[in-house]
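Trainee: The structure that follows is given in the form of C-alpha cells.
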Amino acid sequence: MKTKSFFYLLSLVALAACHSNKEPQEVNSKDTDSAFKTDTVHVRNYEQELQFTGEVTFDQKQVDRVFPIVSGNVLDVNAELGAYVKQGQVLAKLQSADVSQYQRDYNQAKAGFDMAKRNADNAEQLYKSKFSSESDLINARKQLEIATSELDRSTQVLKMYGGTSSGNQPTFLVKAPVSGYVVERNVNPNTQIRSDNGNSMFTISNLSDVWIMINIYESDIEAVKVGQQVNITTLAYPDKVFQGRIENISQVIDNDSKVLQARVVLPNPNGLLKPQMFCTIKLHIEKPERLLAVNPKSVIFSEDKYFVIKAAGPEKYVAVPVEVVRSTSRYSYVKGDLKDNDRVVTEGALLLFNELTD
C-alpha cells in the first residue's frame with residue numbers, strides 16, 4: 001500500500017515539472033464533445049456597406065382614391081382607417097342637396113312620362129274610333145318618346161348618385177370601387193363635403209405589394225444605382241430581413257429634407273409591412289480588394305485582441321488570433337492563420353473560447 005502511494009506522488013511531481021517547463025502557447029486547442037455551429041471562411045471581394053433610413057408606403061400603382069362627386073354633409077362613416085373593405089361596400093353616407101335636385105328632376109320626368117303615356121293611349125283610342133287624325137296620334141307618340149327618354153336619363157343620373165326612384169331621402173352613398181385596405185381616411189361625421197374639393201375622401205390599396213422609399217443624402221448619390229440589391233429591416237421585425245432591388249431613383253432632391261428618394265417594390269403576401277413603418281436599408285457595394293471574410297458572430301474580442309475559433313478536426317477547435325481589417329453587418333474581413341474554406345465557430349464561440357483559454 002505504501003509502495004503504491006509513493007509511486008503516485010512521484011507521478012504528480014513529474015507532471016508538475018512538465019507543466020512548469022512548458023512555454024505558454026499563443027494558440028490553444030481542445031477536444032470537446034460539445035456541438036457548436038460553424039460557418040465557412042471565404043476569400044472574397046471586400047464589400048462597402050452603406051446604410052439609409054426609409055419608410056414603407058402603399059404601391060401608388062395599386063391605389064384607388066375615392067373623391068366626392070356631390071356636395072353635402074357627412075351623416076355616417078362606416079370604414080375605419082386600416083380596415084379591409086370589399087368592392088361595393090358603403091364607406092360613408094352623405095346628406096346632399098345635389099341628390100335632392102336629382103330626385104326632383106326624376107319626379108318631374110316621371111310625371112311627364114305618365115302624362116305623355118295617357119295622352120298617347122287616348123290618341124290611339126280616338127284614332128281607332130275615327131275621332132282623331134293620324135297626325136294627332138303621331139304627335140302624341142312623339143311626345144311619349146321624348147318623355148320616355150327624359151325619364152331614362154333622370155333615372156340613370158339618380159342611380160349614379162345613389163338615389164332611388166322609390167325614396168325621397170336626399171342621401172348619397174359612397175361605395176368602395178375595389179376591395180382592399182383603407183390606407184387614408186379624410187372624413188368624419190358632420191364634415192362638409194364639396195364636389196370641387198381636390199382631396200380624396202378615402203384611399204384604398206390591396207397592400208399585396210408595398211413601396212420602400214429610401215432617403216439618400218447627396219454624399220451617397222453616386223454610389224446608388226438602379227438594380228442594386230438592398231437588405232431592409234424594420235423596428236417591428238428586427239430579426240427579419242426583407243430583400244429587394246432598387247427600381248427607381250428620383251431625379252429631384254426634396255427641398256425640405258435635402259434627400260433624394262429611391263424606390264424598392266416588395267411583395268407583401270402576409271401583410272407584415274404596413275404603410276408609414278420606419279425602415280433601415282443596407283446596401284453592399286463590392287470592391288476589387290480580396291480579403292478573408294468570416295461571419296461577424298465568429299469574432300471574439302479579448303484583452304485588446306481579436307480571435308476566432310477554428311474547427312481543426314472532428315470535435316477539435318483552435319483559438320486563432322486575427323486582425324480585423326474591416327467589418328460590415330454581413331462579414332468581418334480579417335488577416336490571420338486562416339485560409340479559404342476553413343470552418344469557424346459562430347454560435348457558442350465565446351463559451352468555447354473561455355474553455356480553450358482557461
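The values are calculated or read from the model by the stated rules, or taken from the named source; none is laboratory data. Nothing here was measured: the structure is a model prediction, and the numbers come from that model. Quick reminder, even Gly has a Cβ in these numbers, built from the backbone with ideal geometry, and neighbours come from all protein chains shown. The accessibility values were calculated without ligands, DNA or RNA, using every heavy atom of the protein model including side chains. Shrake-Rupley method; radii C 1.70, N 1.55, O 1.52, S 1.80 Å.
Trainee: According to the Kirkwood expression over distinct Cα-Cα pairs, how big is the hydrodynamic radius of the chain, in Å?
Mentor: Across the chain, the inverse of the average 1/r is 28.6 Å.
Trainee: Using a Gaussian network model of the chain whose springs link C-alpha atoms within less than 10 Å, name the residue from Q261, Q156, Q89 with the highest mean-square fluctuation.
Mentor: Looking only at Q261, Q156, Q89, the largest GNM fluctuation is found for Q156.
Trainee: DSSP loop trypsin sites (Lys or Arg not before Pro) in the range 211-267 with at most 14 other Cβ atoms within 10 Å of their Cβ, which ones? Could the numbers behind the result be given before it?
Mentor: Details: sites: K225, K240, R245, K258, R263; in loops: K225, K240, K258.
For trypsin sites (Lys or Arg not before Pro) across the range 211-267 that sit outside H, G, I, E and B with at most 14 neighbouring Cβ atoms in 10 Å, the list reads K225, K240, K258.
Trainee: Continuing with the same structure: Note down the magnitude of the dipole of the chain about its Cα centre, charges +1 on Lys and Arg C-beta and -1 on Asp and Glu C-beta and zero elsewhere, to the nearest 20 debye.
Mentor: With Lys and Arg at +1 and Asp and Glu at -1, about 780 debye.
Trainee: Measure nothing fancy, just the Cα-based angle from helix 97-128's long axis to the longest principal axis of the chain, in degrees from 0 to 90, nearest 10.
Mentor: Between helix and principal axis, roughly 40 degrees.
Trainee: Suppose the chain between S257 and Q60 were pulled fully straight at 0.36 nm per residue; how much longer would it get relative to their current alpha carbon spacing?
Mentor: 68.8 nm
Trainee: Per residue, how much accessible area does the range 210-358 have with a 1.4 Å probe, in Å²?
Mentor: On the way: 8450 Å² over 149 residues.
Value returned for the range 210-358: 57 Å² of accessible area per residue.
Trainee: Right, here's the next one. Using packing as a proxy for protection, rank 174-180, 209-215 so that the peptide with the highest average count of other Cβ atoms within 10 Å comes first. Write out the running numbers ahead of the final one.
Mentor: Working: 174-180: 17.9, 209-215: 21.4.
Order by mean packing, descending: 209-215, 174-180.
Trainee: Further question on the same structure: With a 1.4 Å probe and every protein chain kept in, tell me what percent of the accessible surface of the chain is carbon plus sulfur.
Mentor: Numbers: 10750 of 22040 Å².
Taking all protein chains in place, the chain shows 49 percent carbon and sulfur surface.
Trainee: Using a ≥ b ≥ c from the Cα gyration tensor of the range 263-315 (square roots of the eigenvalues), is it rounded, prolate or oblate, where a/c under 1.5 gives rounded and otherwise the larger of a/b and b/c decides, a/b for prolate?
Mentor: Working: a/c = 2.56, a/b = 2.13, b/c = 1.20.
Because a/c hits 1.5 or more and a/b exceeds b/c, the range 263-315 counts as prolate.
Trainee: How would the range 218-261 be classified by its alpha-carbon gyration tensor: rounded, prolate or oblate, with rounded meaning a/c under 1.5 and the a/b versus b/c comparison settling the rest? Could the numbers behind the result be given before it?
Mentor: Details: a/c = 2.69, a/b = 1.58, b/c = 1.70.
The shape class here is oblate.
Trainee: Using the Cα centre of the chain as origin and beta-carbon charges of +1 (Lys, Arg) and -1 (Asp, Glu), tell me which of V70, T57, L272 is placed farthest towards the positive end of the dipole.
Mentor: V70
Trainee: Which entries in the list K287/K339; K282/K316; K117/K175; K240/K316; K110/K142 go over 26 Å, if you measure between the two C-alpha atoms of each?
Mentor: K282/K316; K117/K175; K240/K316
Trainee: Nearest 500 deg cm²/dmol is fine: what mean residue ellipticity at 222 nm does the chain get from its DSSP H runs of n ≥ 4 alone, each adding -39,500 (n - 2.57), divided by its residue count?
Mentor: That calculation yields -8500 deg cm²/dmol at 222 nm.
Trainee: Can you give me the angle between helix 134-160 and the longest principal axis of the chain, using Cα atoms only, in degrees from 0 to 90, rounded to the nearest 10?
Mentor: For 134-160 against the chain, the angle is about 20 degrees.
Trainee: Within the range 55-72, whose backbone N sits under 20 Å from a point 7 Å along Cα→Cβ of N199?
Mentor: Backbone N within reach: 58, 64-72.
Trainee: Report, in whole Å, the centroid distance computed from the Cα atoms of the range 282-358 and the range 82-152.
Mentor: The range 282-358 and the range 82-152 have Cα centres separated by 86 Å.
Trainee: Using the alpha-carbon atoms, what tilt in degrees (0 to 90, nearest 10) does helix 2-21 show relative to the longest principal axis of the chain?
Mentor: The angle comes out near 70 degrees.
Trainee: Accessible surface of K335 in the full protein assembly, 1.4 angstrom probe, to the nearest 10 Å²?
Mentor: Accessible area, nearest 10 Å²: 110 Å².
Trainee: Sticking with this one: Considering only DSSP states other than H, G, I, E and B, which GluC sites (Glu not before Pro) in the range 247-331 qualify as loop sites with at most 16 other Cβ atoms within 10 Å?
Mentor: Taking the range 247-331 and a limit of 16 other Cβ atoms within 10 Å, the loop GluC sites (Glu not before Pro) found are E303, E315.
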